[in-house]
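What follows is a single structure, written as structure tokens, with notes after it.
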Amino acid sequence: MKQLLNYCKSCTIEQIGEVECSIAGLIRVSENYNVRIETKELSRELYQQMEHNDNDIIYLKTVDQHVTIMGYWVIDQHTRGIEDVVYSITCEAKKSFWGNQYCSIEENCFEDFTLQVTEGVELIGLTPYGELDIKDTSFHMPSEIYIDTNIKQIGKDDGFSCFVAPIVQRIGTDIRLGIKYGIQYIVNCSHECGLSISDIEEKIHSLILFLEILCGERISTTRIQVRQKEEIYKYLGEPMLLKERLNTFDKEHFDSHGYVRRKIFKLSDFHQDIDEVISQFGELYIEDRVAFEAYQQLMMDEELQIFTVNNFLKAMQMVEGIERVGDRKKAHNEFKKIRDSIVEKLVDEDDKKFIKGYCDDQGEGFRECLNRITNNCFMVLSDTDNSNCTGIITNIKKDRDVYTHASHKNEPLLSQADLWGITYCFEVFFRVEVLIKLGLSKELIRKRFSYDKKFVAYYENLFGQTIKVENCGTGEYDDIMQSI
């Protein structure tokens, strides 16, 4: 996808909506992969059509690309001349497909898609190389290096899968061993008739959020390709950023040699069909969308290095969401049934109105949610309960009320540093709850989080707890990559 970065070439627009034409223009791709089209000398009819029909399909070509634009926003327009008026317009594409021929925009017209994401190799958690024995290698005497390579894959023939393969690159005068990888989705012909672009975007959004739960950091796509019959198109639509333009996952490189970090959960940790795991995660997301969106907002704030009390409140929103998930309708109906049975026993009509007006289902209290998530996570991480943490749980509850209700006159009890640490701990607790629901073992969860030095410190200082470290490994990727 990097070949399209800062792409800028003249083009010929051949069709707008249903109208065939031949209009000179310019197409640009920005550093954030936003696509802009500048047109010259439009007729009045096409000018009005582009101005009022922003969901039209535009077909244009350059010397080396056929580009299909699926919808656009008009961001600039002007006219020139008095009698023979010439119209010009600049628009930004909502979605675009780049290939050797035009893309057919029909419902369910794609067979599969492949994508790459920031730190994708580490998130997959596979390496195509065996252990390298380089301890006897010397630059001043002949030596031999034996490298075992293999292509590895997780997943089945359809649905989500991923692969890694070895690649040898010459960069300047150096020879570099690299890893080629991809995360792909292939249509199951017996269950699906094909994918629309909306289906693809929905699946990518769910996958990206899942990867953000695995690593505890913001993830961005760096490459998306879709296939239609035998033709493969580069797709630009969802926000895409180069890895080099994002903050690194962990600037301090806690617990790692270079970029390899044992604290990051990986797709290979799920020793099963990853399509099934991603599907289960999608159901969790649908069940409690608000909590997951609050988690993503926290990831964005951390990426931008922003921290305010709003981060703390978002973390509390995650707690309420993940702990109140369940059959709420059933519980409400049970409450209503009991209330109605009490009302039936009353004789006075005013009493009945009072009960119906003021006896309402308030649901679970926030403190109950705090108690449940801390108790659950303490059991997973430390094999203990939260009975020794009533003080800090009370302070968290009171501060949450102070920052939530403007009518409260109480002063907050926790310092900004404490709020920062509590927010980070509850991010981890949220991830623990999700990972347990997805079937990861307590042993692996304890092992990986024990390498997160930031969490280990906050967990002990704020809650007085330590992680019960298990004697288990974190997978061959960590072992091989950190041995080099």
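The values are calculated or read from the model by the stated rules, or taken from the named source; none is laboratory data. The structure presented is a predicted model; accordingly, all values stated were derived computationally and were not measured. Cβ sites come from the backbone with ideal geometry, for glycine too, and all protein chains shown count toward neighbours. Note: areas computed on protein heavy atoms with side chains; ligands, DNA, RNA excluded. Shrake-Rupley method; radii C 1.70, N 1.55, O 1.52, S 1.80 Å.
For the reader, a short list of remarks on this structure follows.
- Looking across segment 111-133 at every residue that is modelled with pLDDT under 80 and surrounded by 13 or more Cβ atoms within 10 Å (Cβ to Cβ), the one that is farthest from Cys215 (Cα to Cα) is identified as Leu132.
- Residue in segment 16-38 that is of a type in the set (Phe, Trp, Tyr), in contact with a Leu (Cβ under 8 Å, 6 or more places away or on another chain) and closer than 16 Å to Phe97 by Cβ present: yes
- Residue within segment 341-361 that is over 20 Å from Gln465 (Cβ atoms), open to solvent by 40 Å² or more (accessible area, probe 1.4 Å) and modelled with pLDDT of 85 or more present: no
- The numbered conditions (1) open to solvent by 20 Å² or more (accessible area, probe 1.4 Å); (2) assigned to a loop (DSSP other than H, G, I, E, B); (3) at pLDDT 80 or above; (4) in contact with a helix residue (DSSP H, G or I) (Cβ under 6 Å, 6 or more places away or on another chain) are all true for Glu217 except (4).
- Test result for Gly439, at pLDDT 90 or above and surrounded by fewer than 19 Cβ atoms within 10 Å (Cβ to Cβ): yes
- All of Asn6, Asn32 fail the test of being assigned to a loop (DSSP other than H, G, I, E, B) and open to solvent by less than 70 Å² (accessible area, probe 1.4 Å), apart from Asn32.
- Against the criterion of being closer than 26 Å to Glu122 by Cα, surrounded by fewer than 14 Cβ atoms within 10 Å (Cβ to Cβ) and at pLDDT below 95, Gly464 does not qualify.
- Residues that are of a type in the set (Ser, Thr, Tyr) and more than 23 Å from Leu214 (Cβ to Cβ), drawn from segment 453-482: Thr466
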